[in-house]
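First up is the structure itself, then whatever we jot down about it.
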Amino acid sequence: MRKVAVFGNTGGGKSTLARQMAEVTQLPLYPLDVVQYQKGGGKIPHEDYLKAHGEILARPEWIIDGYGCPSSSWERFAKADTLVYIDFPRWIHYAWVTKRFLKGFFVNPEGWPENSPMWSSTLEGYRVVGLCHRHLTPKYRQLVADATSTKRVHHLRSPSEVRRFLETIRQEYVSFAHP
């Protein structure tokens with residue numbers, strides 16, 4: 001596991017899981033929201049994002065968390081040796097978008113640029129949950145089904161599966177570091 005793509009619908013805990021994986025594996029973490037957005041939430045020019053994304057993909061190791069855009073997502077999935085797909089029921093995504101909004105009054109959301117606009121980002125999150133579920137979820141499910149013979153694939157369908165997955169990673173890296 002050297003090139004890891006963590007993906008799924010908004011509000012599913014991708015940034016939290018990716019950060020925890022990076023802590024355990026010591027792989028460098030690249031949250032795409034930080035790559036794609038400036039402080040305050042404004043997007044960088046698309047060409048600049050694609051260039052930065054390509055430079056990350058060229059590195060020997062990475063954990064990349066997020067979506068970016070269609071072309072960069074599928075390029076990332078192709079280059080990854082490990083796919084971690086968070087695929088919770090829609091209601092969890094809506095609930096966690098709300099939780100992120102409420103926590104955002106006290107701390108910046110994990111993996112977000114500083115001073116991100118919480119209200120408009122939350123409204124956008126609610127919109128994206130439904131769109132992603134209709135348009136991307138079927139494609140993501142097909143991707144992970146097709147990739148099982150060529151990549152390490154983790155299709156996580158509940159918060160408890162995420163916890164078990166992370167514990168497995170911890171055990172693998174402890175035994176790897178201390179044989």
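The values are calculated or read from the model by the stated rules, or taken from the named source; none is laboratory data. Predicted, not measured: the structure shown is a model, and the values here were computed from it. Cβ coordinates were reconstructed from backbone atoms using ideal geometry, including for glycine residues, and neighbour counts include every protein chain displayed. What goes into the accessible areas is simple: the full protein's heavy atoms, side chains included, and nothing from ligands, DNA or RNA. Shrake-Rupley method; radii C 1.70, N 1.55, O 1.52, S 1.80 Å.
Brief remarks on what is shown
- Number of the condition not met by residue 68 [criteria: (1) in contact with a helix residue (DSSP H, G or I) (Cβ under 8 Å, 6 or more places away or on another chain); (2) at negative phi; (3) modelled with pLDDT under 95]: (2)
- Members of region 87-136 found to be open to solvent by less than 40 Å² (accessible area, probe 1.4 Å), among the hydrophobic types (A, V, I, L, M, F, W, C) and either modelled with pLDDT of 75 or more or on the phi > 0 side of the Ramachandran plot (or both), listed by number: 88, 92, 97, 101, 129, 132, 136
Yes/no per residue for (1) within 18 Å of residue 166 (Cβ to Cβ); (2) out of contact with any Gly (no Cβ under 7 Å at 6 or more places or on another chain):
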{"position": "9", "(1), (2)": "no, yes"}
{"position": "25", "(1), (2)": "yes, yes"}
{"position": "33", "(1), (2)": "no, no"}
{"position": "43", "(1), (2)": "no, yes"}
{"position": "57", "(1), (2)": "no, yes"}
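- Criterion violated by residue 10 - all others in (1) in contact with a His (Cβ under 8 Å, 6 or more places away or on another chain); (2) free of Cβ contacts under 8 Å to residues at least 60 places away in the same chain satisfied: (2)
- Filtered residue count, region 3-21, keeping only those that are in a loop (DSSP other than H, G, I, E, B) and basic (Lys, Arg): 0
- Any chance residue 73 is of a type outside the set (Phe, Trp, Tyr), open to solvent by 20 Å² or more (accessible area, probe 1.4 Å) and within 13 Å of the chain's Cα centre (by Cα): no
- Filtering region 138-179 to residues that are surrounded by fewer than 13 Cβ atoms within 10 Å (Cβ to Cβ), of a type in the set (Gly, Ala, Ser) and over 18 Å from residue 5 (Cβ atoms) leaves 160, 175, 177.
- Candidates are the residues of region 61-87 that are out of contact with any strand residue (DSSP E or B) (no Cβ under 8 Å at 6 or more places or on another chain) and of a type outside the set (Phe, Trp, Tyr); the one that is nearest to residue 17 (Cα to Cα) is 68.
- Qualifying residues in region 46-57 (those that are closer than 16 Å to residue 77 by Cβ and out of contact with any Phe, Trp or Tyr (no Cβ under 9 Å at 6 or more places or on another chain)) - the one least open to solvent (accessible area, probe 1.4 Å): 57
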